[in-house]
Amino acid sequence: MNTQEIRELYDEYVMPTYAQSISVVRGEGARVWDAEGKEYLDFAAGIAVAALGHCHPEVTAAIAAQASRLVHASNLYYTENAPRLARRLSNLSLGGKVFFCNSGAEANEALIKLARLRGAEKGRFEVITMRNSFHGRTLATMTATGQTKYQHGFEPLVPGFRYADFNDLESVRAALTPQTAAVLVEAVQGEGGILPAAYAFIAGLRELCTKNDVLLFFDEVQAGMGRTGKWFAYQHYGIQPDGISMAKALANGLPIGAICVDPKWSDVFSPGKHASTFGGNPVSCAAALATLDVMQRDHLVEHAAEAGARLMEALKSLTVRHPCIQMVRGLGLMIGVVLDRPCRPVADALQAAGMLVIPTGEKVLRLVPPLLIGDNEIAQALSLLDHCLP
Ligand SMILES: *Cc1c(COP(=O)(O)O)cnc(C)c1O
């Protein structure tokens, strides 16, 4: 099928929740191709999903091998990949146990349910989230998302959420009540425009939560899995959260979500309290295990820190020739180029020139390339940006 034929099928049969423009039919490394064979340098990476690039041979081999052994069994039986992956994730993060699901929203739902269950006896059920955050599209996570544009028309919202201002500890303090069960925060707001949290804000949150017997959760769905130059973005701040959610890059493209908690909360859920038919699916877990293997062996987290710093410096030097760039911000390979104008036309020009980027917010070009990009890809991206920025 060509792009036009694909588009017509969508128009007739797929609900119009997205506004696509191009087709993608093949991917390899940091490049994808459309149905007409046009090549794109991919600095979107499926929205920070393809951390190892597209169709990484070791991940593809792991998927194929597992798919020919067992695709699905049900969580009513033991399977071997889920606990192996849980051990790896626990050792890389909080040291407690893991629950598996299939997406970022579901992972945040699991954190919210865990906080409510743990707080039930004391009447603690409220979750404080930040304005400008993003936590997903289910009713509860859409309510947790502190941006009215995602909520409009879906009222009534789920009870039990309060909002505070990101990077403003006093506003979190003001939102605390005797019913507060948890605070949920992104260390780097992704959909909010690639905004890193201030060190003092996170340190203050940890202290505030501990003092008030409130759980502190980090949404690591976009910023986790090495993207920011640490395994998880909270690790830039020298604190231990009570729980984290992850998804996007975890299996390099297969659907998976997970939460990991501090050992104190490992057994809050007992049998029957939470579940997911596909959670911990053997094929998704095999892909995640292979993804972790490659990330560790090839030191991709360190590479993300180092390549990200170089890319950010180079982007800053572009401001001399392109004064429309107001600021370059981010952590590791999670970078936002803030313009003084709507960035959609620039993203469209880049796409026409052969480079994919996804705007976040109205004026921020988001750069979240595969973590294994090299000097050539960085140089090509800079030259395309130089060409397409006003
Ligand atoms: C993408 C994202 C989510 C939602 O993940 P889904 O898999 O789309 O449900 C939640 N939180 C953050 C920070 C995200 O970037």
>> Taking the condition of being within 15 Å of the ligand (Cβ to nearest atom), acidic (D, E) and within 18 Å of I128 (Cβ to Cβ), how many residues in the range 173-219 meet it?
In response: 2
> Which residues, counting only those in the range 106-162, are among the aliphatic types (A, V, I, L, M) and in contact (Cβ under 8 Å) with a residue 40 or more places away in the chain?
Replying inline: A107, A110, L111, I112, L114, A115, L117, V127, I128, M130, A144
> Are any residues in the range 54-79 touching a strand residue (DSSP E or B) at 6+ places or on another chain (Cβ under 9 Å), part of a loop (DSSP other than H, G, I, E, B) and over 19 Å from W231 (Cβ atoms), and if so, which ones?
Replying inline: C55, N75
> Of all residues in the range 241-293 being more than 12 Å from the ligand (Cβ to nearest atom) and among the polar types (S, T, N, Q), which is nearest to E106 (Cα to Cα)?
Replying inline: S276
> For the range 332-348, how many residues meet the condition of being surrounded by fewer than 22 Cβ atoms within 10 Å (Cβ to Cβ) and out of contact with any helix residue (DSSP H, G or I) (no Cβ under 8 Å at 6 or more places or on another chain)?
Replying inline: 8
> In the range 81-109, which residues are more than 16 Å from the ligand (Cβ to nearest atom) and either hydrophobic (A, V, I, L, M, F, W, C) or over 25 Å from F232 (Cβ atoms) (or both)?
Replying inline: A82, L85, A86, L89, L92, L94, V98
>> I'd like to verify a number: residues in the range 80-137 that are on the phi < 0 side of the Ramachandran plot, part of a loop (DSSP other than H, G, I, E, B) and in contact with a strand residue (DSSP E or B) (Cβ under 9 Å, 6 or more places away or on another chain), how many?
In response: 11
> So which pairs qualify, if the first residue must be in the range 71-94 and under 11 Å from C260 (Cα atoms), the second must be buried (at least 16 other Cβ atoms within 10 Å of the Cβ) and among the acidic types (D, E), the Cβ gap must be under 6 Å, and the two must be at least 6 apart or on different chains?
Replying inline: L94/D262
> Got a sec? Which of R137, R131, R162, R116 is modelled with pLDDT of 95 or more, closer than 20 Å to I244 by Cβ and surrounded by 15 or more Cβ atoms within 10 Å (Cβ to Cβ)?
Replying inline: R116
>> Condition first: crowded, with 21+ Cβ neighbours inside 10 Å and assigned to a loop (DSSP other than H, G, I, E, B). Now tell me which residues in the range 270-295 satisfy that.
In response: G279, G280, N281
>> Quick check on my filter: what residues within the range 1-26 are in a loop (DSSP other than H, G, I, E, B) and among the polar types (S, T, N, Q)?
In response: N2, T17, Q20, S21, S23
> Considering the range 249-269 alone, what residues qualify as being over 17 Å from the mean Cα position of the chain (by Cα), buried (at least 16 other Cβ atoms within 10 Å of the Cβ) and either not assigned by TED's automatic domain parsing to the domain that holds H72 or not in a loop (DSSP other than H, G, I, E, B) (or both)?
Replying inline: V261, W265
> Considering the range 193-221 alone, what residues qualify as being in a loop (DSSP other than H, G, I, E, B) and over 12 Å from the mean Cα position of the chain (by Cα)?
Replying inline: G193, A197, A198, N212, D213, V214
> Is there a residue being surrounded by fewer than 18 Cβ atoms within 10 Å (Cβ to Cβ), at pLDDT below 95, over 21 Å from the mean Cα position of the chain (by Cα) and in the same structural domain as I335 (by TED's automatic domain parsing) anywhere in the range 11-32?
Replying inline: yes
> Consider G224 against the criteria (1) in contact (Cβ under 8 Å) with a residue 60 or more places away in the chain; (2) assigned to a loop (DSSP other than H, G, I, E, B): it satisfies all of them except one. Which criterion is unmet?
Replying inline: (1)
> Tell me, which residue of the range 138-148 that is of a type in the set (A, V, I, L, M, F, W, C) and out of contact with any strand residue (DSSP E or B) (no Cβ under 6 Å at 6 or more places or on another chain) is nearest to the ligand (Cβ to nearest atom)?
Replying inline: M142
> Restricting the search to the range 311-326, which residues are surrounded by 14 or more Cβ atoms within 10 Å (Cβ to Cβ) and more than 18 Å from F43 (Cβ to Cβ)?
Replying inline: T319, C324, Q326
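The values are calculated or read from the model by the stated rules, or taken from the named source; none is laboratory data. Model, not experiment: these values are computed from the prediction. With ideal geometry, Cβ positions are generated from the backbone for all residues, glycine too; neighbour counts draw on all protein chains shown.
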